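*Asks:* Just passing along the structure, written as structure tokens.
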Amino acid sequence: MVLPGILRRVNKTLPALLQTIAIICFIHYIAKGVLVKTHMKMTHQDYHFRTKAGSPHAHAGRAAKLNAGTRHSSSSPHSTAASSSSTSTTTATASTTTPMPTFPDEVIEQEQQRRLDTLHQACTRMNMGLWKNGEESNFTKEESLTIAAVPKIPLYQALLVSEKKKLAVCPVVRAGTQWLSRRLLHLTGKFSKTQLYRLHEPPSAIVRHHYAYLSSWEKYPVVLAQCVTILMGRHPLDRLLASYRHVLEDPDKNPHGYLHYGKRIVRAYRKAPTPSKGPTFEEFVRFLLEHDSHHLDEAWQPTIRRCTPCHIPYNVVVHYETLWHDIQWAWKKAGLVSLNTTDYFVQTITPQIRREYFSQLTLAQIISLYKKFKLDFEIYGYSLEEHIAYAQPGDEAIDPAIMNNLPRNNPDLLQKYMKEEEEKTLKEDKDGDELQLPLESSFTGGKGPEEIADNFLIPSADD
């Protein structure tokens, strides 16, 4: 019979066939492992090569100085320098691993109270959330449209909450999220300091798995009442600039950002040929002003839409410009261990870099950006004076009443003390030879080494 004959042949050849399949699978597994290790080795070698020039250890023990536009920072074990924008004209100076200076608790407490008062006054004016008073509000048409876009309920899903640590954070993209995510991962006790800088995904993506949602929405108000609840923030226009430099400026470094947004922006808003493949900052701003940011990248959306600060009882307001001091104080308030002072790095956009980019814009464009992010300016108390000073006059007529009502410089105590520390450092080092780093290893700008490392391993348009 034919069928039994076929079965006998299959039965005879099956062991050899299975052995062949097993050998092929084994070879595939080994080859895959070798390729992954080779790729990671090349990745780290290239990254360290990129950062070697800017490493403090590459310069014969000469401690670098701080310039007037650069904040203190300390190099992490795996991130010692940052690459600046290819178009930047700013020369930067490196910082050392000297521990950050600390300020008296009463100074930080006073500044935190000022920030909370600013937040609560803004929420009261907007007649929103926990500060809704039921009174008639006299808003302009533009303000009414902006306020209408803000969620009317607390977005608890935006929070990272730890019942055990009594800590809650609303992370904000381009406001120090990667650095803070590593601190939160370290609190879990599941990551060593070395592992925190060898992650194969951005820390902000991993941290959600370790700070999961609570069992019910009704539980959030009860838990948050016992937590140190942190609202993160950054100057809205600096945050936009940092995002532009990271996502759109260099298509070779971030092809995802170029393919997703940059190509479309260039096609729609380029008026004349330029040497830049990616969109210019001015083209990006025109695109942003003509679109509802609710449907765009998270870094281009107002913080008030995501963190709903008028609906959630935040008791700590963190500014990116004073990130380390604010988080150190928040950790202390929550009864957590102090931050590792040699594991901190923050990139600050200097006045020179602001001038380079915002001088591409007209005064009317900057005022339009302000109107788009007006609520963020109000809740954090940021001013617009410096950015406006760099703008081109433009042909558009500006209402004098608008100019008179623009936010002015705020008396941020921590920034004042930090500036005094910088001036003191410069004065002490006045007689020394200032170490100038090459442009490609600049420590200034909106992109830090942690972000470079994350995006180098896994290309991403967001942090």
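*Asks:* Classify the stretch 105-457 from the C-alpha gyration tensor, please: rounded if a/c falls under 1.5, else prolate or oblate depending on whether a/b exceeds b/c. Please list the in-between numbers first.
*Replies:* Working: a/c = 1.34, a/b = 1.10, b/c = 1.22.
Here the stretch 105-457 falls in the rounded category.
*Asks:* Determine the alpha carbon to alpha carbon distance for each of K253/K332; K374/K416; K141/K271; K190/K333; K193/K253; K165/K193 and list only those over 29 Å.
*Replies:* Among K253/K332; K374/K416; K141/K271; K190/K333; K193/K253; K165/K193, the Cα-Cα distance tops 29 Å for K253/K332; K141/K271.
*Asks:* List the residues, sorted by chain then number, that are 5 or more residues from Q392 or on another chain and whose placed amide H is less than 5 Å from its amide H.
*Replies:* Answer set, sorted by chain and number: L361, T362, L363.
*Asks:* Let me ask something else. Order the peptides 376-382, 21-27 from the highest to the lowest mean number of other Cβ atoms within 10 Å of their residues.
*Replies:* The peptides rank, most packed first, as 376-382, 21-27.
*Asks:* If a/c stays under 1.5 just call it rounded; otherwise compare a/b with b/c (prolate if a/b is bigger, oblate if not). Do that for the stretch 303-365, with a ≥ b ≥ c from the square roots of the Cα gyration tensor eigenvalues. Don't skip to the end; give the middle numbers.
*Replies:* Details: a/c = 4.48, a/b = 1.50, b/c = 2.98.
Judged from the Cα gyration tensor, the stretch 303-365 comes out oblate (a/c at least 1.5, b/c at or above a/b).
*Asks:* Another one. Give me the one-decimal nm value for the distance between modelled label points at N404 and T102, 7 Å along each residue's Cα-to-Cβ direction.
*Replies:* Each label point lies 7 Å from its Cα, and together they span 4.8 nm.
*Asks:* Same structure, new question: Taking the Cα centre of the stretch 105-457 as the origin and placing charges on Cβ (Lys, Arg +1; Asp, Glu -1), which of L196, W331, I349 is farthest toward the positive end of the dipole?
*Replies:* Towards the positive end, the residue furthest out is L196.
*Asks:* Something else about it: Within the P(r) computed for the stretch 216-345, what percentage of the Cα pairs occupies the region above 25 Å?
*Replies:* That tail contains 45 percent of the Cα-Cα pairs.
*Asks:* Gain in length, K416 to H200, computed as 0.36 nm per residue apart minus the alpha-carbon separation, to one decimal in nm?
*Replies:* So the chain would gain 73.9 nm between K416 and H200.
*Asks:* Another question, then. Please report the antiparallel percentage of DSSP beta bridges with both residues in the stretch 105-457, rounded to the nearest 5.
*Replies:* Bridges in the stretch 105-457 that DSSP calls antiparallel: roughly 25 percent.
*Asks:* Could you list log10 I(q)/I(0) for the stretch 283-426 at q = 0.15, 0.18 Å⁻¹, which the Debye formula gives when each Cα is one point scatterer?
*Replies:* Evaluating at q = 0.15, 0.18 Å⁻¹ gives log10 I(q)/I(0) of -1.00, -1.32.
*Asks:* Now for a separate question. Calculate, in nm to one decimal, what N127 and I30 gain on full extension: separation in residues at 0.36 nm each, minus their alpha carbon distance.
*Replies:* 28.6 nm is the gain from fully extending N127 to I30.
*Asks:* Same structure again: I need the peptides 304-317, 131-144, 214-227 ranked by packing, meaning the mean over residues of other C-beta atoms within 10 angstrom, with the highest value on top. Could the numbers behind the result be given before it?
*Replies:* Numbers: 304-317: 21.9, 131-144: 10.6, 214-227: 13.4.
Final packing ranking: 304-317, 214-227, 131-144.
*Asks:* Using a 10 Å cut-off on Cβ atoms, rank the peptides 293-300, 231-238, 258-265 from the highest mean neighbour count down.
*Replies:* 231-238, 258-265, 293-300
*Asks:* Counting pairs of alpha carbon atoms under 8 Å apart in space and at least six apart in sequence, what relative contact order in percent does the stretch 171-211 give?
*Replies:* Computed over the stretch 171-211, the figure is 46 percent.
*Asks:* While we're looking at this one, here's another question. Expressed as a rounded percentage, what relative contact order does the stretch 105-457 have, with Cα pairs under 8 Å and six or more residues apart? Numbers along the way, then the final one.
*Replies:* Working: 406 pairs, mean separation 86.8, N = 353.
Across the stretch 105-457, relative contact order equals 25 percent.
*Asks:* Is the C-alpha gyration tensor of the stretch 249-302 telling us rounded, prolate or oblate? Criteria: a/c under 1.5 is rounded; beyond that, a/b larger than b/c is prolate, otherwise oblate. Walk me through the numbers on the way to the answer.
*Replies:* On the way: a/c = 2.21, a/b = 1.31, b/c = 1.69.
Oblate is the answer for the stretch 249-302, as a/c is 1.5 or above yet b/c matches or exceeds a/b.
*Asks:* Still on this structure: Whose amide H sits under 5 Å from the amide H of L167, counting only residues 5 or more places off or on another chain, with H placed in the peptide plane?
*Replies:* Amide H to amide H, under 5 Å and 5 or more residues apart or across chains, L167 pairs with S162, V228.
Taken together, the values in this text are just the output of simple stated rules run on the coordinates, not laboratory data. The model shown is predicted, which means the values in this text are computed figures rather than measured ones. FYI the Cβ positions are ideal-geometry reconstructions off the backbone, even for glycines, and counts take in every protein chain you see.
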